[in-house]
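Everything below concerns the one structure shown next.
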Amino acid sequence: MGELNVSTGVYTQYTDDQVNLNTTLTNENKKTYYIEERGSKYPSIAEQLDMQYWDAVNGTTTWRDAIAKVKTDNPKP
């Protein structure tokens, strides 16, 4: 498990100890954790733009399907 910093594009891998901290987070921190964790599951902006371009060209829904899958697999708490 890790985190993608969208500003820098750097992916940080968490240690088991860092992951276990989730059980002691406050409700506000859990909300922030959820946002960051779910955010790291989305394709990169470049990939999303490419999906949108090819969806427009081919009449497909690749981008919409990819975003829906992330939302379904990572529901709000």
Restricted to the stretch 55-71, and to residues that are closer than 21 Å to Tyr34 by Cα and of a type in the set (Gly, Ala, Ser), which residue is surrounded by the fewest Cβ atoms within 10 Å (Cβ to Cβ)?
Ala68
Those residues of the stretch 40-77 which are touching an Asp or Glu at 6+ places or on another chain (Cβ under 9 Å) and at pLDDT below 90 amount to Asn74
Can you run down the residue pairs with Cβ atoms below 6 Å, 6 or more apart or on separate chains, where the first is in the stretch 37-52 and on the phi > 0 side of the Ramachandran plot and in a loop (DSSP other than H, G, I, E, B) and the partner is surrounded by 12 or more Cβ atoms within 10 Å (Cβ to Cβ) and not acidic (Asp, Glu)?
none
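The values are calculated or read from the model by the stated rules, or taken from the named source; none is laboratory data. Keep in mind that this is a model prediction, so the values were computed, not measured. Note that each Cβ is placed from the backbone with ideal geometry, even for glycine, and that neighbours are counted across all protein chains shown.
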